[in-house]
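**Student:** Below is the structure I would like to discuss, written out as structure tokens.
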Amino acid sequence: MTAYKESDVSLLIPVYRPGPFFRATLESALATSVGEIIVSINDAYQYPVTEFDDILLNPRLNVIRQSQQLGLWGNHLYLLKKSTRPWIKFLHGDDKITHGFLQVMLDHVDERVSVIGTVVFCENLNTGFGKFIFRMDAPKRWTSNDYMQRVCVTGNELGTPSSTLYRREILDISAGAWLDTMSCDYVNNIIAASRGDVVLLPPGGIISGDHEMRDSQIQGLNSIVIRSLNTASYLSRFPDARVRKFGRVHGVVEGLGLYRVIAGMLRRGKLGAVKYLGSATAMTAKYLTQSLLAHDDDVRVIKNAIKWKYDSQKYGPRLGRDLGRDLSGYEKFIN
């Protein structure tokens, strides 16, 4: 077994519209012993971040000020191509990693592991209030096959790039895997899981800054619909049959989820949302048809994915749900 150190990690910081938490992000990065820290400031002419020049001048930081807008995921891909170490740790400009946690992640690595995630702890940057999105009491590990079965039901519990550590060689560095019109965190988590064992760690090591300008907070319904459609399309056409199955299940579950989003907006008087009903219907019908034609257990899996996502009486409220429960048996969970 190879023992990895923090120096085996490229810490990559894609930056766009940096806020006051950006300094804490950089300070947490500099507190590590990683082999390299690369910062890419997206559209630096529009967002020059001069108020951070003192810390950006630190010689350990390789700071690249982009002259144009690369896009959210284009900036990630740019950094990935610049990286040189065998392990990749993204850290967004409103997140931070606690001291020593990177080595904790690496201590769970062996030659079979492709990705390590941690349950995220969110801190509201305005109030200082913290919350767990999910709960987990002890580390868990799955083989690739077991996790690819599990994730069809539980969805993207590996989270954002800030909460994951990837083996570099298993990541797809083609432009098609990092399009701004997809949910590329979801896409690359699933691809990584299909290429090796998966480890998930309890919360506390990654602090995610929660604020009103996060991409997840400001993207409109049009972006949500486009990313949902393209994510399902990409994954459902992937060469690995397990990824294709996930893409089909994801397409149905997310299509139904769009109905809920649209209904919520209509209840709030946002009548323009009605124009997206056609997209939600087409998406759900397309992947339900593919699932029926696959002659697999897709329909049963879809039913349980819907239960997991929406049945709070059986599985507890989604906020704070325990991911450490025994779901790895899959068939036990389904039954």
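Yes/no matrix, rows are residues, columns are (1) modelled with pLDDT under 95; (2) within 21 Å of the chain's Cα centre (by Cα); (3) under 20 Å from Ser183 (Cβ atoms):
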position: Arg242; (1), (2), (3): no, yes, yes
position: Ile262; (1), (2), (3): yes, no, yes
position: Leu266; (1), (2), (3): yes, no, no
position: Ala273; (1), (2), (3): yes, no, yes
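**Student:** Now a separate question. Does the range 157-167 include one or more residues that are farther than 23 Å from Asn304 by Cα and over 14 Å from the mean Cα position of the chain (by Cα)?
**Tutor:** So far as the range 157-167 goes, yes, one or more of its residues are farther than 23 Å from Asn304 by Cα and over 14 Å from the mean Cα position of the chain (by Cα).
**Student:** Also, I was wondering about something else. Pairs please, first residue from the range 249-275 and farther than 20 Å from Thr231 by Cα and open to solvent by 40 Å² or more (accessible area, probe 1.4 Å), second anywhere and among the small types (Gly, Ala, Ser) and modelled with pLDDT under 95, Cβ atoms under 8 Å, 6+ apart in sequence or on different chains.
**Tutor:** Final answer for the pair search is Leu266/Ala273.
**Student:** Let me ask something else. Counting only residues that are farther than 20 Å from Arg168 by Cβ and more than 18 Å from the chain's Cα centre (by Cα), give me the helices (runs of 4 or more DSSP H) lying completely in the range 1-111 with at least 1 of them.
**Tutor:** 22-30, 53-56
**Student:** Something else about it: So which residues in the range 148-158 are part of a helix (DSSP H, G or I) and among the hydrophobic types (A, V, I, L, M, F, W, C), if there are any at all?
**Tutor:** Once the filter is applied, which keeps residues that are part of a helix (DSSP H, G or I) and among the hydrophobic types (A, V, I, L, M, F, W, C), the range 148-158 yields Met148, Val151, Cys152, Val153.
**Student:** While we're on this one: Those residues that are of a type outside the set (Ser, Thr, Tyr), surrounded by fewer than 16 Cβ atoms within 10 Å (Cβ to Cβ) and within 23 Å of Val113 (Cβ to Cβ), I need them from the range 1-42; list them, please.
**Tutor:** Met1, Ala3, Lys5
**Student:** Tally the residues that are modelled with pLDDT under 90 and in a strand (DSSP E or B), restricting the search to the range 118-147.
**Tutor:** Count: 9.
**Student:** Let me ask another. Give the residues of the range 125-171 that are open to solvent by less than 30 Å² (accessible area, probe 1.4 Å) and out of contact with any strand residue (DSSP E or B) (no Cβ under 8 Å at 6 or more places or on another chain), sorted by residue number.
**Tutor:** Met148, Val151, Cys152, Val153, Thr154, Gly155, listed by residue number.
The values are calculated or read from the model by the stated rules, or taken from the named source; none is laboratory data. Everything numeric here is computed off the predicted structure, so don't read it as measured data. Counting neighbours? That spans all protein chains shown, and the Cβs are built from the backbone with ideal geometry, glycine included. Side chains included, ligands, DNA and RNA excluded: accessible areas come from the protein's heavy atoms. Shrake-Rupley method; radii C 1.70, N 1.55, O 1.52, S 1.80 Å.
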